[in-house]
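Below: the structure, in structure tokens.
The values are calculated or read from the model by the stated rules, or taken from the named source; none is laboratory data. Keep in mind that what you see is a predicted model, and the values were worked out from it rather than measured. Using ideal geometry, Cβ is built from the backbone for each residue, glycine included, and neighbour counts are taken over all protein chains shown. Each accessible area value is taken on the protein alone, full model and side chains, heavy atoms only, with ligands, DNA and RNA left out. Shrake-Rupley method; radii C 1.70, N 1.55, O 1.52, S 1.80 Å.
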Amino acid sequence: MSEQVTIIRMAEICQLIHQYNHQYYVLDEPSVPDAEYDRLMRELLALEAEFPQLKALDSPSQKVGGIALKSFSQVTHQLPMLSLDNVFSPDEWQAFVKRIKDRLKSEYDFSICAEPKLDGLAVSLRYENGVFVQAATRGDGNVGENITENVRTIKSIPLRLQGSDYPDILEVRGEVFMPKASFESLNQQAIKKGEKGFANPRNAAAGSLRQLDSKVAAKRNLAFYAYGIGYVGASEANDDEGIDETWLANSHYQRLCQIKALGLPMCPEVKLLDNAEQVENFYQDILQQRDDLSYEIDGTVFKVDNIELQVQLGFVARAPRWATAYKFPAQEELTLLEAVDFQVGRTGAITPVARLKPIFVGGVTVSNATLHNQDEINRLGIQINDTVIIRRAGDVIPQIVSVVIERRPENAQTISFPTECPVCQSAVMKAEGEAVLRCTGGLYCQAQRKEAIKHFASRKALDIDGLGDKLVEQLVDEGLIKTPADLFKLTELDVSTMERMGKKSADNLINGLLVAKTTTLAKFVYALGIREVGETTASNLALYFLSFDAIKLATEEQLQQVPDVGVIVAKNIVNFFGQSHNIEVVEELEAIMSWPVIEVKSDDELPLKDQTFVITGTLNQMGRSEAKAALQALGAKVSGSVSAKTHYLVAGEKAGSKLTKAQGLGVAVLTEDEMITLINA
Ligand code: IVH
């Protein structure tokens, strides 16, 4: 190929890859299969290796990272990068609005651009004549660090702007962040390698941008959303035209749309609100969606939309008067680890539980957190009396994120595990390859007995009305029951004479027990509480073996034929039925309980056989479990997580990271209506 032809071909490939990147990362509408993309990229890499002098500054190949730097140089921002003030309550928000109206001497409403407050790092991107030339951190607002090489590797940041309608010089301001899914997988890899991992996606993003070797940053899967514009101007060659203000819209929201049209990603949740009244709704909406969003946020941001009003309002110190963050309650706080207790679970697992100095975090007061096991304690390097960072995100159980080593007091004590069961004093043991310490007492252990009965009565198992956890504890403590089967021997007199129990509650329980005697085979198997036999496995076992006797007598090999049952689960099942104390209880239960015979369906009646579904988001017309049962009745498998093996994702309202993942994997996505049509077909 002559050099001329090569130049043309390289430019052509660059142009195509830029276009495909834009379609994939910004528009969410890939137009070519991955294989075609990869082919073009390989061709470009080969040409660039052969003709390095022809490699363009904005070549998409640069997304893989370049030569490592010795240090970051400094960048002086042409316009300072500002910060935001915060409000935390409706009253503080009202005060913010009043200050604006007072200053503008106006009672008029104004439009507001409403945005999530992304939890990453502020970055300024500079484009000259449409080509990405520089990226800088905020630093002190005036001078930041030159992180161009790392930012170049971020897949969703275009190295060349789309179209041709842009100013000679354009600075785009926004947040670099690490999506939750990338953070999780990065940390899992780190933990596998025995490394510490990052405390949260923000630290992971910061750590990645601070890498001097951009090849490392390239592997970190960072992302970017634009939320503003910095310097805009004409190049020196066009200097006589002055700053190109005419290009810019007079609305902040419109400006974001302008930069989106140039190929920069804009957060999809951004909304233009008519007035300050709508702010509270937006805040609540985003707070609701928070856990389902694919990226971490710590609040919302509200900006006066009209740029002329912004100019009139101006700045105080480092923050604009026309914008504020409206933050969510903190999800991370500092507190003291006062003690560690050990709890014995249903399967004998001994779990260390941190007793914390009560702390208000994520909207509730937290005084306990699980420490999981010895490995987790080692990983955290935690000691009693340490100051710890505690995190409570959404409805997730509180976690200890890390220890503040600098605050370790002299009386800090290492955490030692018990050498016998703290409840029944039986021996404890750790199975090979397991991190968990277990009590060997089985149902002799009062703690295991209580947990087994609670599980038996729980909603997804036999759903025994009138039998809550507290009552189970009381019944065991008072010696009235030892096993799930004993429940059915209780009389009204037994129960009504217990402390804090009236006749009505006793009636309730006796009636609940009567109803619970009739169940399904799947629920009965699940209720037994065999290790690692969850609802899905129990239902698969029932469908495969059709009778309880067949499950009881199955060998490990036979059990492994059941979907979802591997070597370990098969062993657990055989072990369970091999223990005489279990068999005694099971036989008693079989004599008391009943379930309908399972009808065997032919393949014609199972049109969704071998199809795997995942359901996410809110369904409006049927409950999740109803949808799951309807799909399973047609032979479908319903799984909790999206993988390459998923056939369909049913995406309800406000679907979040599972939807993004499914789209990334090319999994077919169904709406709720489409799923219903499929079920009724
Ligand atoms: S605007 C002129 N918008 O919050 C105002 N900032 O606490 C400049 N941030 O340094 C910032 N999401 O890193 C703006 N939608 C958003 C944001 C946002 C996150 C960060 C940004 C900034 C910090 C200020």
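Just in region 162-234: which GluC sites (Glu not before Pro) are loop by DSSP and have at most 14 other Cβ atoms within 10 Å?
Of the GluC sites (Glu not before Pro), the ones in loops of region 162-234 whose Cβ has at most 14 other Cβ atoms within 10 Å are Glu195.
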Note to self: Only four residue types carry charge here, +1 at the Cβ of Lys and Arg and -1 at the Cβ of Asp and Glu. Report the dipole size of region 394-433 about the Cα centre in Debye, rounded to the nearest 20.
What the structure shows: 80
Note to self: If each residue of separation counts as 0.36 nm, what is the full-extension length gain between Glu584 and Asn511 once their alpha-carbon separation is subtracted?
What the structure shows: 23.8 nm
Next item on the list: Working from Cα positions, state the angle (0 to 90°, nearest 10) between the long axis of helix 535-545 and the longest principal axis of the chain.
Entry: 60
Next item on the list: Counting only heavy atoms of the protein chains, get the accessible area per residue of the chain (1.4 Å probe) and round it to a whole Å² value.
Entry: 50
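List the equivalent ellipsoid semi-axes of the chain in whole Å, largest first, each obtained as the square root of 5λ for an eigenvalue λ of the Cα gyration tensor.
After scaling each eigenvalue by five and taking roots: 54, 31, 26 Å.
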Checklist line | Low-density loop cleavage sites - trypsin sites (Lys or Arg not before Pro) in region 161-230, where at most 10 other Cβ are within 10 Å (DSSP) | finding: Lys193
Notebook entry, point to check: Which entries in Lys155/Lys180; Lys155/Lys260; Lys117/Lys303; Lys637/Lys661 show an alpha-carbon gap greater than 21 Å?
Noted result: none
Checklist line | With DNA, RNA and ligands ignored, accessible area of Tyr227 (1.4 Å probe; Å², nearest 10) | finding: 60
Item checked: Sites Met429 and Asp165 - FRET efficiency at Förster radius 60 Å, r taken between beta-carbons, to 0.05 -> 0.30
Next item on the list: List every residue whose amide H lies under 5 Å from the amide H of Gln611, counting only residues 5 or more places away in sequence or on a different chain, with H placed 1.01 Å from N in the peptide plane.
Entry: Lys637
Notebook entry, point to check: Between rounded, prolate and oblate, where does region 178-302 land on the alpha carbon gyration tensor, with a ≥ b ≥ c its root eigenvalues, rounded for a/c under 1.5, else prolate if a/b exceeds b/c?
Noted result: oblate
Checklist line | Residue pairs, from the table Lys55/Lys219; Lys454/Lys517; Lys552/Lys645, whose Cα atoms sit over 19 Å apart | finding: Lys55/Lys219; Lys552/Lys645
Next item on the list: Using a cut-off of under 15 Å, list every residue of region 122-159 whose amide N is near the label point 7 Å from the Cα of Leu212 along the Cα-to-beta-carbon line.
Entry: 146-147, 149-150
Note to self: Starting from 0.36 nm per residue, how many nanometres of slack lie between Asp604 and Gln561 once their C-alpha separation is accounted for?
What the structure shows: 13.3 nm
Item checked: Inter-site label distance for Glu532 and Arg407 at 7 Å from Cα along Cβ, in nm -> 3.9
Checklist line | Loop-located GluC sites (Glu not before Pro) in region 316-419 whose Cβ has at most 13 other Cβ within 10 Å (DSSP) | finding: Glu410
Margin query: Please give the Cα centre distance for region 84-139 versus region 334-351, rounded to the nearest Å.
Written below: 44
Next item on the list: Which order do the peptides 6-18, 524-536 take when ranked by the mean count of other beta-carbon atoms within 10 Å per residue, highest first?
Entry: 524-536, 6-18
Notebook entry, point to check: Between Gly228 and residues 5 or more places away or on another chain, which pairs have amide H atoms under 5 Å apart, with H built 1.01 Å from N, and which residues are they?
Noted result: Arg173
Check: Over the heavy atoms of Trp247, what accessible area does a 1.4 Å probe trace out, to the nearest 10 Å²?
Finding: 30
Next item on the list: Calculate, for Val353 and Lys504, the FRET efficiency according to 1/(1 + (r/R0)^6) with r their C-beta to C-beta distance and R0 35 Å; round to the nearest 0.05.
Entry: 0.50
Note to self: Projecting each Cα onto the charge dipole of the chain (Lys/Arg +1, Asp/Glu -1 at the beta carbon, about the Cα centre), which of Ile400, Ala651, Val600 comes out farthest on the positive side?
What the structure shows: Ile400
Check: How large is ³J(HN,Hα) for each residue in region 75-89, as worked out from phi by the Karplus curve 6.51 cos²θ - 1.76 cosθ + 1.60 (θ = phi - 60°), to whole Hz, x for Gly and Pro?
Finding: 10, 8, 5, 5, 10, x, 9, 8, 10, 10, 7, 10, 10, 10, 8
Item checked: Local net charge near Asp298, Cβ-Cβ under 15 Å (Lys/Arg +1, Asp/Glu -1) -> -2
Check: Could you give me the ³J(HN,Hα) list for region 585-600, computed from phi with Karplus coefficients 6.51, -1.76, 1.60 and θ = phi - 60°, whole Hz, x at Gly and Pro?
Finding: 5, 4, 5, 4, 5, 4, 6, 8, 9, 8, 8, x, 5, 7, 7, 7
Next item on the list: Name the aspartates and glutamates eligible as straight-distance cross-link partners of Lys327: C-alpha to C-alpha under 15 Å, and not fewer than 8 places from it in the same chain.
Entry: Asp85, Asp91, Glu92, Glu115, Asp119, Glu280, Asp285, Glu296, Asp298
Item checked: Distant-in-sequence amide H partners of Lys155 (H built 1.01 Å from N, under 5 Å) -> Leu222
Notebook entry, point to check: Cα axis of helix 34-50 to longest principal axis of the chain: angle in degrees, 0 to 90, nearest 10?
Noted result: 50
Notebook entry, point to check: Karplus couplings for region 108-118 from phi (6.51 cos²θ - 1.76 cosθ + 1.60, θ = phi - 60°), rounded to Hz, Gly and Pro as x?
Noted result: 5, 6, 9, 6, 10, 8, 9, 9, x, 8, 6
Checklist line | Computed FRET value (nearest 0.05) for Arg99 with Asp274, which takes r as the C-beta separation and R₀ as 30 Å | finding: 0.90
Check: Residue separation times 0.36 nm, minus the C-alpha to C-alpha distance between Asn680 and Ile191: what's the value?
Finding: 171.5 nm
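Do the sum for the chain: with -39,500 (n - 2.57) for every DSSP H run of n ≥ 4, divided by all residues, what is the mean residue ellipticity at 222 nm, to the nearest 500 deg cm²/dmol?
-10500 deg cm²/dmol
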Check: What angle, in degrees between 0 and 90 and rounded to the nearest 10, separates the Cα long axis of helix 252-261 from the longest principal axis of the Cα atoms of the chain?
Finding: 90
Notebook entry, point to check: Magnitude of the Cβ-charge dipole of the chain, K/R +1 and D/E -1, about the Cα centre, nearest 20 debye?
Noted result: 1320
Checklist line | Part-to-part distance (alpha-carbon centres) for region 604-621 and region 576-597, which is given in Å | finding: 32
Notebook entry, point to check: How far is the Cα center of region 158-180 from the Cα center of region 299-316, in Å?
Noted result: 21
